[in-house]
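The values are calculated or read from the model by the stated rules, or taken from the named source; none is laboratory data. Keep in mind that this is a model prediction, so the values were computed, not measured. Cβ coordinates were reconstructed from backbone atoms using ideal geometry, including for glycine residues, and neighbour counts include every protein chain displayed.
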Amino acid sequence: MPKMITSAPASVPKFKTEVSIKDLAQIPVIKETNESDEQIMERLRQRFSILDDMTRAVKAGDIRAMIVSGPPGVGKSYNVEEVLSKHDVFANVANDQKLKKYEVVKGAMSPLGLYMKLHEYKDKKSIVVFDDCDSVLLDDLSLNILKAALDTGKKRMIHWNTDSRALREEQIDKSFEFRGGAIFITNIKFDHVRSKKLRDHLEALESRCHYLDLTIDTEREKMLRIKQMITDGMLNRYAFGKEEVDELYEFVYNNASRMRELSLRMMLKVADLKRSFGAKYQDYARATCMKG
Ligand SMILES: Nc1ncnc2c1ncn2[C@@H]1O[C@H](COP(=O)(O)OP(=O)(O)OP(=O)(O)O)[C@@H](O)[C@H]1O
Ligand SMILES: [Mg+2]
């Protein structure tokens, strides 16, 4: 018979964080607007269309780097990857191994890991996407590497000045010219970071990149983004009737302030619950998608 665990293990590894939560604290966004719902949706549509166009421009090698900032679950990764993956199909058709065009890097990355990743994608028209990879934005050494990689001068040389076994083993030079592109996807709103030190830090990067804020900050804007994507057919794959879709939207709308997160992702979760549990989906959503 398996042994029952009656208490927590004696030594729980300490949670290690490189970034102090204090440093990431944001100044609340206060918006006073007399925009109508239609005007807000038009603004959001335009921002996402700019996101697609800018991604295309990075892909074409016309723009070196872009930072896109927006709250969780609104479609940042989805849109960037949609544009980039189309490119991949093209690369496969070309059947050229050297056309390894882009990679999406998620989570933590050390400065050396960053150096090696940039080396791998150093060719013109190659792209590294840093998706929720805030460790590279917050570490001094990583930021210096990025500053060199994305500088506006003619030649963007990056150097690694200390001895490294990993570089030797991989036969990677200790300096190289980076000619690729970079896309940073983040939840950090650069100009709303409370810490002056971190703000200065981020400004150095921002000055070398195009910075796109999706301007989805308030509950109203998040709801309107959801509405917009439902109108565009985000829920079509569920094959719900129109009344069912309206009911799902109203349910989220009426509980907006109680949802754990207000996003496309949350809307999809609620739709999943409806598909799985039919009429009972609201009870399940109250238990799993809402606070308190
Ligand atoms: N245009 C779309 N059509 C259908 N589904 C979409 C669309 N845009 C986003 N989604 C879905 O919405 C969810 C959230 O999108 P995505 O992961 O891109 O958000 P995000 O802004 O990158 O969030 P995070 O900051 O948490 O990474 C995903 O499940 C994605 O597949
Ligand atoms: Mg994402």
Hand me the list of helices (runs of 4 or more DSSP H) wholly inside the range 240-292 holding 1 or more residues that are within 16 Å of ligand 2 (Cβ to nearest atom).
264-277
State all residues of the range 128-156 that are within 16 Å of ligand 2 (Cβ to nearest atom) and farther than 18 Å from Asn187 by Cβ; if no residue qualifies, say none.
Val128
Check whether at least one residue in the range 45-59 is acidic (Asp, Glu) and more than 16 Å from ligand 1 (Cβ to nearest atom), and report yes or no.
no
Please name all residue pairs, on different chains or six or more residues apart, with Cβ atoms under 8 Å, provided the first residue is in the range 71-86 and is touching a residue at least 12 places away in the same chain (Cβ under 8 Å) and the second residue is of a type in the set (Phe, Trp, Tyr).
Gly75/Phe48; Asn79/Phe48; Leu84/Tyr102
Within the range 155-165, identify whether any single residue is aromatic (Phe, Trp, Tyr) and in the same structural domain as Ala65 (by TED's automatic domain parsing), and answer yes or no.
yes
Condition first: more than 16 Å from ligand 1 (Cβ to nearest atom) and in a helix (DSSP H, G or I). Now tell me which residues in the range 174-191 satisfy that.
Asp191
In the range 110-135, what residues are within 16 Å of ligand 1 (Cβ to nearest atom) and either within 15 Å of Arg64 (Cα to Cα) or at pLDDT 90 or above (or both)?
Val129, Phe130, Asp131, Asp132, Cys133
Step by step: first the residues of the range 192-204, then only those that are loosely packed, with under 15 Cβ neighbours inside 10 Å and free of Cβ contacts under 8 Å to residues at least 60 places away in the same chain, then the one that is nearest to ligand 2 (Cβ to nearest atom). Which residue is that?
Glu203
Result of the Cβ filter at 8 Å on the range 120-145, keeping first residues that are not assigned by TED's automatic domain parsing to the domain that holds Tyr78 and partners that are within 16 Å of ligand 1 (Cβ to nearest atom), at least 6 apart or interchain, is none
Sole miss for Ala182 among (1) within 18 Å of Val58 (Cα to Cα); (2) out of contact with any Leu (no Cβ under 8 Å at 6 or more places or on another chain) is condition (2)
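The rows are residues; the columns are (1) under 30 Å from Ser36 (Cα atoms); (2) assigned by TED's automatic domain parsing to the domain that holds Lys124.
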| site | (1), (2) |
| --- | --- |
| Arg179 | no, yes |
| Ile183 | no, yes |
| Val193 | yes, yes |
| His201 | no, yes |
| Lys242 | yes, no |
| Phe251 | yes, no |
